[in-house]
Amino acid sequence: MTLIKSISGIRGTIGGQVGENLTPIDAVKFAAAYGTWIKDQLDKDEYRVVVGRDARISGEMMQQLVMNTLVGLGIHVIDLGLSTTPTVEMAVPMEHADGGIILTASHNPKQWNALKLLDEKGEFLNGEEGAKILEMAESDTLTFAEVDDLGEISVNDAYIDLHIDEILDSKWVDVEAIKAANFKVVVDAVNSTGGIAIPRLLEELGVEVVKLYCEPNGEFPHNPEPLKEHLGDICELVVKEKADFGIVVDPDVDRLAFIDEKGNMFGEEYTLVAVADYILGKEKGNTVSNLSSSRALRDITEKHGGTYQASAVGEVNVVTLMKETKAVIGGEGNGGIIFPEFHYGRDSLVGSALFLTHLAEKKITVSQLLEEYPAYFMSKNKIQLTPELDVDAILVEMEKKYAAEEVSTVDGVKIDFSENWVHLRKSNTEPIIRIYTEAKSQQEADSLAEKIMEEIKTIAGL
């Protein structure tokens, strides 16, 4: 079992030993540190924090622990209950709150949970801020409020509807065109809060919805990461229902993948490509994704006259570079759409509405849309870390080995060849090293990955 502390929050498996797993004591310590950090930022009479969760079995327990810890610090809590990560991100500035916490372990299996931390803008904390909270969590000097100064909890379950209203009112979403297209869409929400939010959005857009795993009970019917090998059921159902396409989201609804009308993956990398193509067709500008994302976004951006740049992996890094380059759209190749017109966070509700508008305007099928984009194929692999494996030393050796190529060490080691690339990095959320490759065919991508993995094993003496 595992507990991972990083600048983006604390994530771990429920139960087990304190300090080794995500136990109630660990949750309280970390929530207390975050609340204390919030109070250190401003000298105010009243502090407010928004809290929401996905549908994990442990979610209600974790939320009660976190909220009452904040109350004990004298902080008022706005309880969104079952929500989505992007909904909480939008709620923080709408509530004029000082921060937010989302209880979710994103794409991890059901035994995991996590505290994701937001600042007053509803954006993830930067490295310096996260490091300070980690330091404070280990301190024995945290001070709580006296009895007359305790915070209060107020419940507000309207924010998913408010989130949807913001989307429906946007100039970027053509509600009438979507309604006229008479789309039929299958939704796989892995029995989490996407099962509440995505069908509700689609129905407001006049889409016929076929629900698959949309009961928010936290019992994930398959691995919740929206990858091809986990999505056989929806691929079959799209064809059976003669649907126009399928929508897949992860448990906290910040990753978005599509299934075409033939039951084939549109490709999570192409979620951002398609939505960026739509936005850039309306407004010229720059784009950003991370180093592990497809070259296809660069190609589409340049086709529209913009400039593409790549950041280190991690949403906060993408957002930082987007702000620096004034990017009109960005995100991550794992199906994460960041559209600043709404907020600086990955948002599957926004992504779905923009994709539907794009498809309605073009009047073509999802498979035909994919054919319009540069064809790249990715292979995503990982090697389990062990205590004796010196990953940093391995990455240095790989950098030396390919010194004659274009090499970036901004985040791990990325080696750009003329026709393909490989990116090696330690995961921020799991005890693994990720090996991503991309090429002009799946066979080339897989072969490059196998070659690199063998070289890593040789260096490691495995």
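Here, each number is a calculation from the coordinates, and none is a lab measurement. Predicted model only: the values in this text are computed from it and were never measured. For neighbour counting, all protein chains shown are included, and Cβ atoms are generated from backbone atoms with ideal geometry for every residue, glycine included.
Tabulated data
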{"quantity": "Dipole-positive endmost among TYR436, VAL396, SER418 within region 377-460 (Cβ charges, Cα centre)", "calculated": "TYR436"}
{"quantity": "Convex hull volume per residue for region 377-460, taking Cα atoms only, in Å³", "calculated": "84"}
{"quantity": "Assigned charges on the beta-carbon of Lys, Arg, Asp, Glu; the chain dipole about Cα centre (debye)", "calculated": "1000"}
{"quantity": "Chain lengthening between ASN217 and LYS426 when straightened (0.36 nm per residue, less Cα-Cα)", "calculated": "72.1 nm"}
{"quantity": "Prolate/oblate/rounded label for region 3-159 (Cα gyration tensor, a/c 1.5)", "calculated": "rounded"}
{"quantity": "Residue order, fewest to most surrounding Cβ atoms within 10 angstrom, among VAL249, VAL328", "calculated": "VAL328, VAL249"}
{"quantity": "Footprinting exposure proxy for LEU125, LEU134, LEU115 (fewest neighbouring C-beta atoms within 10 Å first)", "calculated": "LEU134, LEU125, LEU115"}
{"quantity": "Considering only region 3-159, percent of DSSP beta bridges that pair antiparallel, nearest 5", "calculated": "45"}
{"quantity": "Cβ-derived FRET efficiency at R0 45 Å, GLU324 paired with LYS240, nearest 0.05", "calculated": "0.45"}
{"quantity": "Antiparallel %, DSSP beta bridges [both residues in region 152-274], to 5", "calculated": "35"}
{"quantity": "Prolate/oblate/rounded label for region 142-252 (Cα gyration tensor, a/c 1.5)", "calculated": "oblate"}
{"quantity": "Ratio of the Cα radius of gyration of the chain to 2.2 N^0.38 Å, where N counts its residues", "calculated": "0.96"}
{"quantity": "Neighbour count of at most 16 Cβ within 10 Å plus DSSP loop: longest GluC sites (Glu not before Pro)-free window in the chain", "calculated": "47-137"}
{"quantity": "Net charge over other residues, Cβ less than 13 angstrom from the Cβ of THR36 (K, R count +1; D, E count -1)", "calculated": "-3"}
{"quantity": "Most positive-pole-ward Cα, ASN68, TYR47, ALA310, against dipole of the chain from beta carbon charges", "calculated": "ALA310"}
{"quantity": "Region 25-58: trypsin sites (Lys or Arg not before Pro) in DSSP coil with no more than 10 other Cβ atoms inside 10 Å", "calculated": "LYS44"}
{"quantity": "Environment charge at VAL92 (Cβ cut-off 11 Å; Lys +1, Arg +1, Asp -1, Glu -1)", "calculated": "-4"}
{"quantity": "Region 74-135 and region 361-440: distance between their alpha carbon centers, rounded to Å", "calculated": "28"}
